[in-house]
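S.K.: This is the structure I want to talk about, given as structure tokens.
We did not get these values from a lab; they are worked out from the coordinates using the rules stated. Since the model is a prediction, treat every value here as computed from it, not as a measurement. All Cβ positions, even for glycine, are placed from backbone atoms using ideal geometry, and neighbour counts span all protein chains on display.
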Amino acid sequence: MFRPWLLIVASLLSLLIAANALWVSAQGEATPQPEGTMVSAAECSTALGGFWLTASDACVGKDFGFICNGGISPTVEPIGPISNSLAGVGALVDINVVDSIHTAALSARGENGGIAWLRVAAEDSPLRFSGVLIGDVAVRDTTPDGFPAWQNFLVKTTDPLDRCEVAPHSSFIVQSLPGQPSRVVINGVSLDLSGTAVIQTEQNLTHFMAIVGDLGMLINGQRTNISAGNEVAVAYDVTDFSRPNGTVSLPAPFRRDRVEHLPVLLFDLPIFVPQGGFATTQGQVNMRTAPNLDAAVIIQVAGGERMTVLGRNPAGDWYHVRLGNGQTGWMFAELLTGNLNEVEDVYLETPQPLQRMGELGQKARVIAPNGVTMRLAPDLSFAPVGTLNFQQEVTLVARSPYSPWVKVDLNGLIGWVALITLETAAIIEALPVDYNVPPPPEPTRIPGSFGNAFPDPNCYPNCG
């Protein structure tokens, strides 16, 4: 039997769904997903891998003081020659001439999207940090006249509804350089940055998440400090992110899903993202090289030391941890306490250090003006096997177990050179160690330093 009321209800539901989708799009919070765009996690992961590699080749390791575009054309102000100059992948533009940049959302299939690097370096100022815009991120320089550009800026991030499950949330990642803390103002909050933080916005909130290092914050005259693994959410009136309204959440472990799938190999300082929260030693605890009592002790950590947790072993009785100084190792879980979310990353062996993607993790260039001699083993005392010319490119093979030297390959000719003679974007700590090299020769001992008396010059040649 035909029931006209069913048709009316269905029509009303369709109108309500369409109206809701248009309202959400108008708010800038998400974009409706076109039909037929869903892909599997594996397909999206493969596509994203290719996209990240292209962006890495284009922008990783580039100079400070510039913005580098690694994805599809961003929206840039001022419009005109400057915005046109940043349209291409790998384009570099001086940060001082850019007022704002807005990168595009990652596509539903993961094959393209927006990603850009903002590397700030002010002359005659200690201000020096890097920022990465991933996905739909808008940043605007609001620094007052007379101060270095990009010391004060606004950030807004937006996630599309059709984000594939292995794509990261739209994020702004900000990093200070080792030993060079920076003070920046983001969304009206003054940050004392000494490490890595992730900034995300949703509705009228800005999430400040400390990933590595503590994050000092000054919010409307009130100071707070969050340790790595934690976050605070700062509220604003409507979506005006220039001035917090005074509502700030208590520091709490960040939600791991908010920082999952970030392309950490593309950061200027690649990092392992920890679990949400932190752990603290209840007394003196040994940090070991592996999750068992037979493993070598790296260091004894005093009681009350706070650290982030990177993962756990399958049994859950050992945690892989990172101290505030960046040192990592394993600790017995029962000897730790703290405010920690569920540890999701599980592995039996210690993860290898992170390495750059593609050729950036393999290649180096000779910077010694007179070239460099390749040697049989990693020390000047070993025989030469060849010569590398200035600006010649080589493939990195391994690193030395006892000296700052690396093994390189030049079209099949393999030898060792001092690392100081090369320029590379590769992470040297991630190269395999060649333990098969001969040990360095012992230095010639000074006569008399090993039990023999110095000869008496007055008795020669009759020294019997």
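S.K.: Applying the Karplus parametrisation 6.51 cos²θ - 1.76 cosθ + 1.60 with θ = phi - 60° to the phi angles of the stretch 289-299, what ³J(HN,Hα) value in whole Hz is obtained for each residue in order, glycine and proline being reported as x?
M.R.: 7, 8, x, 7, 6, 8, 6, 5, 7, 7, 6
S.K.: For Gly311, which sequence-distant residues (separation of 5 or more, or a different chain) have an amide H within less than 5 Å of its own amide H, given hydrogens modelled in the peptide plane?
M.R.: Hits under the 5 Å cutoff: His320.
S.K.: Taking amide hydrogens as modeled 1.01 Å from N in the peptide plane, which residues meet the under 5 Å criterion relative to Leu340, leaving out close sequence neighbours?
M.R.: Under 5 Å from the amide H of Leu340: Phe278.
S.K.: Could you tally the net charge around Gly195, taking each other residue with its Cβ under 13 Å from the Cβ of Gly195, Lys/Arg +1 and Asp/Glu -1?
M.R.: For residues surrounding Gly195, the net value is -2.
S.K.: How long are the three semi-axes of the equivalent ellipsoid for the stretch 351-451, computed from the Cα gyration tensor as the root of 5 times each eigenvalue, in whole Å, largest first?
M.R.: Each semi-axis is √(5λ); the values are 27, 17, 11 Å.
S.K.: Work out the length of the dipole vector of the stretch 37-266 about its Cα centre, built from +1 on the beta-carbon of each Lys and Arg and -1 on the beta-carbon of each Asp and Glu, and round it to the nearest 20 debye.
M.R.: Computed charge dipole of the stretch 37-266: roughly 320 debye.
S.K.: Okay, next question. Take His207, His320 and order them by how many other Cβ atoms sit within 10 Å, fewest up front.
M.R.: His207, His320
S.K.: Consider all pairwise Cα distances in the chain and report the whole-number % of them above 32 Å.
M.R.: 52
S.K.: Still on this structure, I have one more. I want to check the label-to-label distance for Ala87 and Ser403. Put each point 7 Å from Cα in the C-beta direction and report it in nm to one decimal.
M.R.: In this crude label model, Ala87 to Ser403 measures out at 5.3 nm.
S.K.: Now a separate question. Stretched out fully, how many nm does the piece from Val97 to Glu359 gain, at 0.36 nm a residue minus the Cα gap?
M.R.: 91.2 nm
S.K.: So what is the calculated 222 nm ellipticity per residue for the chain, using -39500 (n - 2.57) for each DSSP H run with n of 4 or more, over all residues, to the nearest 500 deg cm²/dmol?
M.R.: Roughly -3500 deg cm²/dmol at 222 nm, from the helical runs in the chain.
S.K.: Each residue of the stretch 240-254 in order: what ³J(HN,Hα) in whole Hz does its phi give by Karplus 6.51 cos²θ - 1.76 cosθ + 1.60, θ = phi - 60°, with x for Gly and Pro?
M.R.: Each residue of the stretch 240-254 in turn: 8, 8, 7, 9, x, 8, x, 8, 10, 6, 5, x, 8, x, 6 Hz.
S.K.: Given 0.36 nm per residue, what is the gain on full extension from Thr143 to Gln327 after removing their alpha carbon distance, in nm?
M.R.: Numbers: separation 184, 0.36 × 184 = 66.24 nm, distance 3.58 nm.
Result: 62.7 nm gained on full extension.
S.K.: In addition: Taking the Cα centre of each part, how many Å lie between the stretch 352-418 and the stretch 138-192?
M.R.: The stretch 352-418 and the stretch 138-192 have Cα centres spaced 37 Å from each other.
S.K.: How charged is the neighbourhood of Thr157? Take every other residue with its Cβ under 9 Å from the Cβ of Thr157, and add Lys/Arg as +1 and Asp/Glu as -1.
M.R.: Residues near Thr157 contribute -2 overall.
S.K.: Roughly how many nanometres apart are two label points built 7 Å out from the Cα toward the Cβ at Asn292 and Val385?
M.R.: Using points 7 Å along Cα→Cβ, the separation is 3.5 nm.
S.K.: Something else now. For a Förster distance of 56 Å, can you work out the FRET efficiency between the beta-carbons of Asn411 and Asp317, rounded to the nearest 0.05?
M.R.: 0.65
S.K.: Oh, and also: Short version: ³J(HN,Hα) in whole Hz for each residue of the stretch 149-165, in order, from phi by Karplus 6.51 cos²θ - 1.76 cosθ + 1.60 (θ = phi - 60°), x for Gly and Pro, what are they?
M.R.: 4, 6, 8, 9, 8, 9, 10, 9, 10, 9, 9, x, 5, 9, 5, 6, 5
S.K.: To check my understanding: the extent here is largest minus smallest coordinate of the Cα atoms along each principal axis. What are those three numbers for the stretch 161-295, in Å, largest first?
M.R.: Principal-axis extents of the stretch 161-295 (Cα, largest first): 57, 39, 27 Å.
S.K.: Here is a further query. Starting from the Cα of Phe64, move 7 Å in the Cα-to-Cβ direction to define the label point; list residues of the stretch 147-186 whose amide nitrogen is under 19 Å from there.
M.R.: Under 19 Å, as judged by backbone N against the label point of Phe64, lie 147-153, 173-186 of the stretch 147-186.
S.K.: Output the peptides 296-306, 424-434, 192-202 sorted from most to least packed, where packing is the average of other Cβ atoms within 10 Å over each peptide's residues. Walk me through the numbers on the way to the answer.
M.R.: On the way: 296-306: 12.9, 424-434: 15.8, 192-202: 22.3.
Top of the packing list down: 192-202, 424-434, 296-306.
S.K.: Moving to a separate point now. Starting from the Cα of Leu269, step 7 Å toward the Cβ, then list every residue of the stretch 318-334 with an amide N under 16 Å from that point.
M.R.: Counting only backbone N, you get 322-328.
S.K.: To the nearest Å, what is the center-to-center distance of the stretch 54-68 and the stretch 217-240, using C-alpha atoms only?
M.R.: The stretch 54-68 and the stretch 217-240 have Cα centres spaced 30 Å from each other.
S.K.: If a paramagnetic tag sat 7 Å from the Cα of Glu334 along the Cα-Cβ line, which residues of the stretch 294-315 would have the backbone N under 19 Å from that point?
M.R.: So the set is 294-295, 301, 303-304, 312-315.
S.K.: Taking the Cα centre of the chain as the origin and placing charges on Cβ (Lys, Arg +1; Asp, Glu -1), which of Leu269, Pro401, Leu218 is farthest toward the positive end of the dipole?
M.R.: Going by the charge dipole, the pick is Pro401.
S.K.: Looking at the chain, send over the antiparallel percent of its DSSP beta bridges, to the nearest 5.
M.R.: Counting DSSP beta bridges with both partners in the chain, the antiparallel share is about 95 percent.
S.K.: Now, a different point. Using modelled backbone amide H atoms (1.01 Å from N, in-plane), which distant-in-sequence or interchain residues come within less than 5 Å of Thr387's amide H?
M.R.: The answer is Met374.
S.K.: What per residue convex hull volume, in Å³, do the alpha-carbon atoms of the stretch 216-348 yield?
M.R.: Dividing the Cα hull volume of the stretch 216-348 by its residues yields 139 Å³.
S.K.: Continuing with the same structure: Return the Rg/Rh value of the stretch 289-356, two decimal places, where both radii are evaluated on C-alpha atoms and Rh is the Kirkwood radius.
M.R.: That ratio is 0.93, to two decimals.
S.K.: Please order Leu250, Leu161, Leu106 by the number of other Cβ within 10 Å, starting at the fewest.
M.R.: Fewest-to-most Cβ neighbours within 10 Å comes out as Leu250, Leu161, Leu106.
S.K.: Quick one: order Glu442, Glu260 by neighbouring beta-carbon count within 10 Å, fewest to most.
M.R.: Glu442, Glu260
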